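The values are calculated or read from the model by the stated rules, or taken from the named source; none is laboratory data. As the structure is a computational prediction, the values presented were derived from the model and not from experiment. Glycine gets a Cβ as well: all are built from the backbone with ideal geometry, and neighbour counts include every protein chain shown. In case anyone asks, the SASA skips ligands and DNA or RNA and just uses the protein heavy atoms, side chains included. Shrake-Rupley method; radii C 1.70, N 1.55, O 1.52, S 1.80 Å.
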Amino acid sequence: MQIQSHLGSTIAMAFDECVENPATYEYAKKSCERTVRWLKRCKAEMERLNSLPETINKNQLLFGINQGCTFEDLRIENMKEIAELDLDGYAIGGLAVGEPKEDMYRVISAVEPYMPKDKIRYLMGVGTPGNIIEGVSRGVDLFDCVMPSRNARHGHLNTWNGIININNKKYERDSQPIDPECDCPTCRNFSRSYIRHLFKSKEMLAMRLCVMHNLYFYNTLMEKIREALDNDEFNGFKEKYVDLLDKRI
Ligand SMILES: [Zn+2]
């Protein structure tokens, strides 16, 4: 908590145990109890730190993390317990660790009714555009993931028609941008064939251009989701994009 306080971030996360998947019920139950004990200590320490005159961000927010593996009763029991602590936001942790995506969606749906309505909900470590759309449809506000940047470094690029692999031979003489619908600096200035050439030449610029594109894509995705929610068009948006954006083309 002291390290996070010194970083001065807007949000600090409580310390938790992210249990490996699969885990036994017995272990998951004990682990949840431990995570709640840690959370209470984190909260007390955060309050102390935020009251000190030398603290960089005295308004630093503390989020608790819901755990319980894929056991719905443990998830719900844990959520009820941490909701009582009146934290600034609540995260669902311990998902996207190799379980089938149906299990992830089932756990989110089970635990969501017990998350405070007026606090930010954060799904940790998720995910593909399709996972994000499914998360939003179940009431999640916030996400984080290495996927857009890590995939970009391997030439796996998100487009509004699905995922392309820029290393494929078919892009060798393709003068189009990665995604003709994208306004990012990469798509405005460089062609698929040039970026593919940079990868083949092991030129670092390839990774930089592709990371810029994928991050821009994810930001635009969130923008479009917010817009669809504001205009009451989210169901149509979901239907159109939830499978399309995760498809390899
Ligand atoms: Zn782009």
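Excluding ligands, DNA and RNA, what is the solvent-accessible area per residue of the chain at a probe of 1.4 Å, expressed in Å²?
On a per-residue basis, the chain sits at 53 Å².
Apply the Karplus parameterisation 6.51 cos²θ - 1.76 cosθ + 1.60, with θ equal to phi minus 60°, to every residue of segment 225-235 and state each ³J(HN,Hα) to the nearest whole Hz, in sequence, with x for glycine and proline.
Along segment 225-235, the couplings run 5, 4, 4, 4, 5, 4, 8, 6, 10, 5, 4 Hz.
If K200, K169 are ordered by their accessible area, calculated over protein heavy atoms with a 1.4 Å probe, which sequence runs from highest to lowest?
Sorted by accessible area, descending: K169, K200.
Tell me which residues come under 5 Å, amide H to amide H, from L61 once H is placed; ignore anything under 5 positions away on its chain.
I11, A12
If you plug each phi of segment 133-138 into the Karplus form 6.51 cos²θ - 1.76 cosθ + 1.60 with θ = phi - 60°, what whole-Hz ³J(HN,Hα) values come out, in order, with x for Gly and Pro?
5, 5, x, 4, 5, 9
Can you give the accessible area of L7, probe radius 1.4 Å, in Å² rounded to 10?
130 Å²
Under a 5 Å amide H to amide H cut-off, with H placed in plane at 1.01 Å, what residues pair with N66 once short-range neighbours are removed?
Amide H to amide H, under 5 Å and 5 or more residues apart or across chains, N66 pairs with A91, I92, G93.
Which value does Rg/Rh take for segment 105-249 over its C-alpha atoms, Rh per Kirkwood?
1.03
Sum -39500 (n - 2.57) across every DSSP H segment of at least 4 residues in the chain, then divide by the residue count to get the 222 nm mean residue ellipticity, nearest 500.
Helices in the chain give a 222 nm mean residue ellipticity of -15000 deg cm²/dmol.
Hey, if we sort K202, K240 by accessible area with the 1.4 Å probe, largest down, what's the order?
K202, K240
Using the Karplus equation 6.51 cos²θ - 1.76 cosθ + 1.60 (θ = phi - 60°), what ³J(HN,Hα) coupling, rounded to whole Hz, does each residue of segment 21-27 give in order, writing x for Gly and Pro?
10, x, 10, 6, 4, 4, 5
Using unit Cβ charges (K, R positive; D, E negative) and no other charged atoms, how large, in debye to the nearest 20, is the dipole of segment 61-143 about its Cα centre?
Dipole about the Cα centre, nearest 20: 200 debye.
Compute the normalised compactness of the chain: alpha-carbon radius of gyration over 2.2 N^0.38 Å, N being the residue count.
With N residues counted in the chain, Rg over 2.2 N^0.38 Å equals 1.15.
Name the residues of segment 95-128 whose amide N is less than 17 Å from a point 7 angstrom out from the Cα of N59 along the C-beta direction?
120
Starting from the amide H of T159, placed 1.01 Å from N in the peptide plane, find each other amide H under 5 Å away whose residue is 5 or more places distant or on another chain.
For T159, whose amide H was placed from the backbone, the distant partners under 5 Å are I164.
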